[in-house]
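The values are calculated or read from the model by the stated rules, or taken from the named source; none is laboratory data. From a predicted model like this one, the values you see are computed outputs, not experimental measurements. Reconstructed Cβ throughout: ideal geometry from the backbone, glycine too, with neighbour counts over all protein chains shown.
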Amino acid sequence: MKYLFWNTFKNPEINTFLEPLIREQECDVVLLAEYTDNVIDLLKNLSKNDYSLYLIPPIACFRITTLSIFKPGNVKPINSRTHFTIMQMPHKTLGFHLLVGVHFPSKLHGNDHLTFIAESIDLKQCIEEAENLIGNNKTVIVGDFNMNPFEEPMVGALALHSIPTQEEAKRGNRIINKRQYSMFYNPMWNLFGDKNMPAGTYYYSKSGHVTYFWNMFDQVIIRPSLFDNFDIDSLKIIDKVNGTPLVNTNGRPKQQISDHLPIVFEIT
Amino acid sequence: MESLWPELFNEQDIKTPTEILEIQAKFLPKLTKDMVYAEIVQPNEVHSAFINYDFLFRLNLKGKFLENYRFTVLTFAHNISFYPVKIQLDKDISVECGMTENRFDLKNEYEFISFLKDVFNSQKMRIVITAIMKLSNLPNF
């Protein structure tokens with residue numbers, strides 16, 4: 001199954017790009033942040049050509065819009081908070097798995113490092129509760145974390161504990177001071193930098209001594225139990241839709257479309 | 001030897017945060033055609049913000065027909081004296097109630113009751129409860 005995540009930058013006409021993107025990528029599950037266009041129009045236009053996606057109604061997380069090939073009654077909500085939603089998503093070969101959509105607060109709005117640590121710890125605890133509740137740890141977390149893969153809340157053991165290599169993440173957990181911390185694998189490290197453009201999913205330049213310019217705020221991280229089902233070559237940052245670039249000539253995201261680039265990946 | 005204890009231990013005429021929430025929880029099913037109920041539970045994991053407290057609870061909303069779903073309205077903790085009570089509130093509700101932070105202390109029973117009234121009447125609570133009711137009516141749930 002193919003998954004798409006995109007922060008659509010509150011673009012009221014994003015459907016112009018989103019609809020062909022969903023078609024072109026043949027997405028089964030779509031998660032959107034900052035989506036403000038008309039979702040009913042989007043679904044109607046998709047269905048005109050026999051492409052049926054359904055809106056999964058949100059309960060408490062209104063920062064994520066979820067569409068899926070499965071009818072809403074088949075996607076079971078498990079938990080939701082302001083910044084994330086946890087659902088039990090059907091899957092064609094796995095039966096089902098946990099899917100977590102995330103849109104953490106923005107650093108541009110005064111949220112400090114401790115906010116991200118607190119949010120990440122809270123998210124991890126809720127995920128572990130959900131995994132225990134449904135007896136399944138094939139968990140996929142995707143979204144706009146507003147953090148880079150190397151930041152402490154992404155890597156720290158008590159927080160998301162998402163590790164850049166399968167070799168290390170495959171152990172599943174680490175024990176620190178006699179306490180066990182479960183791990184995730186973060187494949188986004190593979191897409192960082194300019195060997196293959198785009199160099200990240202979000203470009204931001206500021207004055208000051210430290211600026212990365214390119215950031216990888218939009219990420220998918222998975223449990224090691226999904227290694228056999230995760231096709232790493234399917235993980236891509238999308239920079240054009242039907243031949244129309246989502247980036248400027250300098251390779252940076254076109255702000256007229258969205259300041260973030262979409263990501264796609266497959267769980268088979 | 002005579003007893004060194006005082007003659008009577010009168011229970012304080014004070015309602016604990018848990019008692020107040022349990023009373024309030026009983027109202028919810030009646031208001032939602034038995035679709036939504038509230039539970040007060042003790043979480044397994046203790047967040048570092050609450051590590052120095054004797055008692056820790058969560059107030060969750062659950063749907064009668066949404067088997068595994070829960071919405072945590074707030075987490076609260078107190079010591080043996082019940083008040084002050086430390087609260088961690090859902091972020092959207094905090095903003096709606098004009099709080100600058102979503103983690104804060106309430107000094108006494110009066111403050112706690114007044115706070116709960118604001119929370120229960122927030123738009124986010126209405127939206128969540130309505131959504132749980134609607135989803136409970138979907139086929140397959």
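A single entry from B:Gln88, B:Gln24, B:Gln42 fulfils the requirement of being within 12 Å of another protein chain (Cβ to nearest Cβ) and either farther than 30 Å from A:Ile117 by Cα or at pLDDT 90 or above (or both): B:Gln88.
Output the residue which, of all residues in region B:62-104 that are among the acidic types (Asp, Glu) and crowded, with 19+ Cβ neighbours inside 10 Å, is farthest from B:Lys15 (Cα to Cα). Among them, the one singled out is B:Asp92. Residues that are touching a strand residue (DSSP E or B) at 6+ places or on another chain (Cβ under 8 Å) and under 20 Å from A:Phe70 (Cβ atoms) within region B:117-138 comprise B:Ile132, B:Leu135, B:Ser136, listed in sequence order. Taken over region A:75-130, the residue count meeting the criterion of being in a strand (DSSP E or B), within 8 Å of chain B (Cβ to nearest Cβ) and surrounded by fewer than 19 Cβ atoms within 10 Å (Cβ to Cβ) is 0.
For region A:235-243, check the following and say yes or no: at least one residue is in a helix (DSSP H, G or I) and closer than 23 Å to A:Val155 by Cβ. Taking every residue of region A:235-243 in turn, none turns out to be in a helix (DSSP H, G or I) and closer than 23 Å to A:Val155 by Cβ. Give me the residue from region B:105-141 that is surrounded by fewer than 16 Cβ atoms within 10 Å (Cβ to Cβ) and among the β-branched types (Val, Ile, Thr) and, out of that set, farthest from the other protein chains (Cβ to nearest Cβ). Ranking the candidates gives B:Ile113 first.
Within region A:26-45, can you find the residues that are touching a Lys or Arg at 6+ places or on another chain (Cβ under 7 Å) and either surrounded by fewer than 19 Cβ atoms within 10 Å (Cβ to Cβ) or assigned to a loop (DSSP other than H, G, I, E, B) (or both)? Listed by number, the residues that qualify are A:Glu26, A:Cys27, A:Asp28, A:Glu34, A:Thr36. If you go through region A:80-136 and keep only what is hydroxyl-bearing (Ser, Thr, Tyr) and under 17 Å from A:Ile221 (Cα atoms), you end up with A:Thr85, A:Ser120. Taking only pairs six or more apart or across chains, which ones have beta-carbon atoms under 6 Å, a first residue in region B:36-63 that is hydroxyl-bearing (Ser, Thr, Tyr), and a second residue that is in a strand (DSSP E or B)? Every condition considered, the pairs that remain are B:Tyr37/B:Lys62; B:Tyr53/B:Ala77.
When A:Gly208, A:Gly251, A:Gly193, A:Gly200 are checked against the criterion of being assigned to a loop (DSSP other than H, G, I, E, B) and under 15 Å from the mean Cα position of the chain (by Cα), a single residue qualifies: A:Gly200. One residue alone among A:Ile237, A:Ile232, A:Ile221 is surrounded by 12 or more Cβ atoms within 10 Å (Cβ to Cβ), more than 23 Å from A:Ile64 (Cα to Cα), aliphatic (A, V, I, L, M) and under 19 Å from the mean Cα position of the chain (by Cα), and that residue is A:Ile232. I'd like to check something: does region A:58-69 contain any residue that is charged (D, E, K, R), surrounded by fewer than 19 Cβ atoms within 10 Å (Cβ to Cβ) and not in a helix (DSSP H, G or I)? Scanning region A:58-69 turns up no residue that is charged (D, E, K, R), surrounded by fewer than 19 Cβ atoms within 10 Å (Cβ to Cβ) and not in a helix (DSSP H, G or I). Restricting to region B:25-42, and then to whatever is under 10 Å from the mean Cα position of the chain (by Cα) and within 18 Å of B:Met133 (Cβ to Cβ), can you tell me which residue is surrounded by the fewest Cβ atoms within 10 Å (Cβ to Cβ)? Out of the qualifying residues, it is B:Glu39. Condition test on A:Lys76, is it without any contact (Cβ under 8 Å) to a residue 24 or more places away in the chain, closer than 25 Å to B:Asp92 by Cβ and basic (Lys, Arg)? Yes, satisfied.
A single entry from B:Phe76, B:Phe57, B:Phe112, B:Phe71 fulfils the requirement of being closer than 16 Å to A:Ala60 by Cα and modelled with pLDDT of 95 or more: B:Phe71.
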